[in-house]
Every structure is written in C-alpha cells, then in structure tokens.
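See structure below.
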Amino acid sequence: MAKIKLTVAVETLRLAEPFRISGYVFESQDVVVATLDDGKYVGRGEGGGIYYLGDTAPEMTAAIASVRTEIEAGADREVLQKLLRPCGGRNALDCAFWDLEAKRAGTPVWKLAGMPASKPLRTTFTIGADDPGMMASKAISFGGARSIKLKLTGDLALDSERVKAVRAARPDVWIAVDANQGYARANLEALVQVLTDAKVSLLEQPLARGREADLDGYKSAIPIAADESALSLADVAGLVGRFDVVNIKLDKCGGLTEGLAMAREARRLGLDVMVGNMVGTSLAMAPAFVLGQLCDVVDLDGPIFLARDRSPGVVYAAGLVSCGDDVWGSPLAVAA
C-alpha cells in the first residue's frame, strides 16, 4: 500500500439567503475538504455532515484525525469502510479516495464503479418553507425547472396553503414535498389528501426517525420516501413495507462506496431510489451525481443556494444538472 499525505480543511459556505425547513434555518454551512496526495496524484472529497445528528465540522475533523495514521500508512477505500462509521468525515475521505483512484487509473469514477457513461439528470429545485405567496413566487422564478420540492414545517393548515399556492403557480411541474419529520401519524391522512388533491408526486419523511413502525399497514395514495429514516445500508431492509423510496445522501451513509451499495440493495428489495444532498458545493454534488445515474428521483440542487460555488462546477440548465469531467472523479478534474 502506497503512503499518502492527508490534509484537512474546514470551509464556511455562505448561503445567498436563509433557507428554512422544519425546525431549522440554514444561513451558512461549514464543510470539511479532505485531500489525499500520493506524491503524483491528488484526490479530494467534501463532507457537510448531518446537522440533526450533531455531525458538525469539529466531529468530522475529529473522525478523520482518528484514522490519519492508517490512511497515511496506506489504507485504501475498502479499509476505510471498516475504520470509520458512516459520517460526513468518512464521506469526505471516501470521495477523495474515489477521485485519487480515478486519476491513478486514468479513467473516470463512473467506469471504476462499473456504470455506463454519466448523462445529465433531471433534478428537483428546492423551495424553503416560507409564506405561501413567497414560495409561489420562488417557484415561478425557477422557470426552467421540471421538478420542484417544497419544504414543509408540520403546520397542516399553513403547509396546505403552501402546496396549493405553488401548484397554482406551476401547474406544469412534478412536485415533491419534504416534511423533515414534522408530522405525526394522527394527521398523516389529512396531509396526504391535500397532497393528492394538488397532484404532488412524492412525500418525503413525514414522521420522526424512530417512528417508522407507525407506517405499518398504512397505504398511502402517493409514494413516501425515507430520508432521516434511512441513514445507511443497515437501515434499508427495515424500510420495506413502510416506505416506497430510499433517499440516499452521501453525508448520511459515509460516501459513494456505501451509497452505491444502498442503491443496489434498495433495488433488490423492490424500493425506488432517490439521491439527495446537504448544503454543499459542486465538489460534494459530483460524486452524488454518479450515484444519481442509478436513481429514480434526483435532488442535487445544493450549489444554487450558495453565495459562491467552486469553479469548475456542476451546471444547471433546462431543469437538468450535469457534471463535466473537470469537476471531480476523472483524470481531467482539477483542484479549486
């Protein structure tokens, strides 16, 4: 195993404007960038952590520090899966390893992963929870979007008005809503009826993590996706019969390696697959874009909320996200 130099940097990403979800408002986000240098090639990965798990920048840097000796002695990506539990720190390292492997092999990550060449993906554009009129205006401003996702807060009356306002403003788009654990089983039927009437196509994480059994026997009129209830591969089997879709985020599962495994296991179990993102730059979106090639629903709009993204970066056009070989995960990728 070749020796590697590991460096870690914490960067603060500023959002262009505050972004509200159920129980939380984002104004900035600290991310960790891991760099692996073998003396000839350099690989990079970005981790944003999971705020509701307390997986913040200090925890991510501590996790990476705990395996520095093994990494610099030559541990590889497969060994990393055993050294660290799923977390944002492992995500940064795992993606850095993929990037390094692509450069060493002279071939892009998608090919290393045994996948066909990546193609542009239809992505959702997310609207934070706000006044219904403001959300409708934001939906109109996403003129090229073909898919829109709305953040809800758990207030049924207000959420109903939000959904109705956006549907009236954009009768042409596919709509999903994300409740971010804001609802209880007692008012789930009422929420689903509102969503059905508004022709909403997906309901993400209505109930709190730990309350998955409350969905036993419930037959929803629209598909329900697990987000907080699906942190890693270990959670996937327990979703069957309760959820229809698994939302995979690399910060939750600890990197592209486990993300790919989750997607394939979900498919085997008859579940649909979604890829999502936390607040992050194009360096975080690029590996998720590879995973997105296996997914039914793609939600990779993180950089559009930032005051400034990396360059080169992913590109949004006509409702699609695309990622060039110069961003990450190929011999052509450059540091920025």
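The values are calculated or read from the model by the stated rules, or taken from the named source; none is laboratory data. Here the structure is a predicted model, which means the values were calculated and not measured. Here the Cβ is made from the backbone with ideal geometry for all residues, glycine too, and neighbour counts use every protein chain on show.
I'd like the residue in region 41-60 that is of a type in the set (D, E, K, R) and in contact (Cβ under 8 Å) with a residue 60 or more places away in the chain and, out of all such residues, is farthest from ALA105 (Cα to Cα). I'd like the intermediate steps shown before the answer.
Looking only at region 41-60, we keep the residues that are of a type in the set (D, E, K, R), and these are 44, 46, 55, 59.
Among the residues that remain, those that are also in contact (Cβ under 8 Å) with a residue 60 or more places away in the chain are: 44, 46, 55.
Details: ARG44: 16, GLU46: 21, ASP55: 32 Å.
The qualifying residue farthest from ALA105 (Cα to Cα) is ASP55.
Within region 258-266, the presence of a residue that is over 24 Å from GLY89 (Cα atoms) and not aliphatic (A, V, I, L, M) is excluded.
Rundown of residues vs (1) charged (D, E, K, R); (2) within 30 Å of SER201 (Cβ to Cβ); (3) more than 18 Å from the chain's Cα centre (by Cα), yes/no style:
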position	(1), (2), (3)
ARG77	yes, no, yes
GLY89	no, no, no
ALA96	no, no, no
GLY106	no, no, yes
ALA136	no, yes, yes
ILE140	no, yes, yes
LEU156	no, yes, yes
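Of all the strands (runs of 3 or more DSSP E) wholly in region 263-322, which have at least 1 residues that are buried (at least 20 other Cβ atoms within 10 Å of the Cβ) and of a type outside the set (Phe, Trp, Tyr)?
Details: elements: 272-275, 315-317, 320-322.
Those strands (runs of 3 or more DSSP E) span 272-275, 320-322.
The set of residues in region 234-248 being surrounded by fewer than 22 Cβ atoms within 10 Å (Cβ to Cβ) and not in a strand (DSSP E or B) consists of ALA234, ASP235, ALA237, GLY238, LEU239, GLY241, ARG242, ASP244.
Right, GLU27: over 13 Å from GLY280 (Cβ atoms), assigned to a helix (DSSP H, G or I), in contact (Cβ under 8 Å) with a residue 12 or more places away in the chain and not assigned by TED's automatic domain parsing to the domain that holds ARG310 or not? Reasoning before the result, please.
Details: over 13 Å from GLY280 (Cβ atoms): yes; assigned to a helix (DSSP H, G or I): no; in contact (Cβ under 8 Å) with a residue 12 or more places away in the chain: yes; not assigned by TED's automatic domain parsing to the domain that holds ARG310: yes.
Answer is no for this residue.
When region 180-223 is filtered for residues that are in a loop (DSSP other than H, G, I, E, B) and either outside the structural domain of VAL240 (by TED's automatic domain parsing) or farther than 27 Å from ALA237 by Cβ (or both), the ones remaining, listed by number, are ALA198, LYS199, VAL200.
For region 192-232, taking the residues that are surrounded by fewer than 23 Cβ atoms within 10 Å (Cβ to Cβ) and of a type in the set (Asp, Glu), the one that is nearest to ASP159 (Cα to Cα) is identified as ASP197.
Conditions tested, residue by residue: (1) in contact (Cβ under 8 Å) with a residue 60 or more places away in the chain; (2) under 19 Å from ASP301 (Cα atoms).
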residue: ALA65; (1), (2): no, no
residue: GLY88; (1), (2): yes, yes
residue: PRO108; (1), (2): yes, no
residue: ALA136; (1), (2): no, yes
residue: LEU156; (1), (2): no, no
residue: ASP159; (1), (2): no, no
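Looking across region 313-336, just one residue is acidic (Asp, Glu) and under 15 Å from THR281 (Cα atoms), and that is ASP326.
Return a yes/no flag: does region 324-333 have any residue that is within 17 Å of the chain's Cα centre (by Cα), closer than 25 Å to GLU101 by Cα and in a strand (DSSP E or B).
Going through region 324-333, the residues within 17 Å of the chain's Cα centre (by Cα) turn out to be 328.
If we keep only those that are closer than 25 Å to GLU101 by Cα too, we end up with 328.
Next, from what is left, pick out any that are in a strand (DSSP E or B): none.
Within region 324-333, not a single residue is within 17 Å of the chain's Cα centre (by Cα), closer than 25 Å to GLU101 by Cα and in a strand (DSSP E or B).
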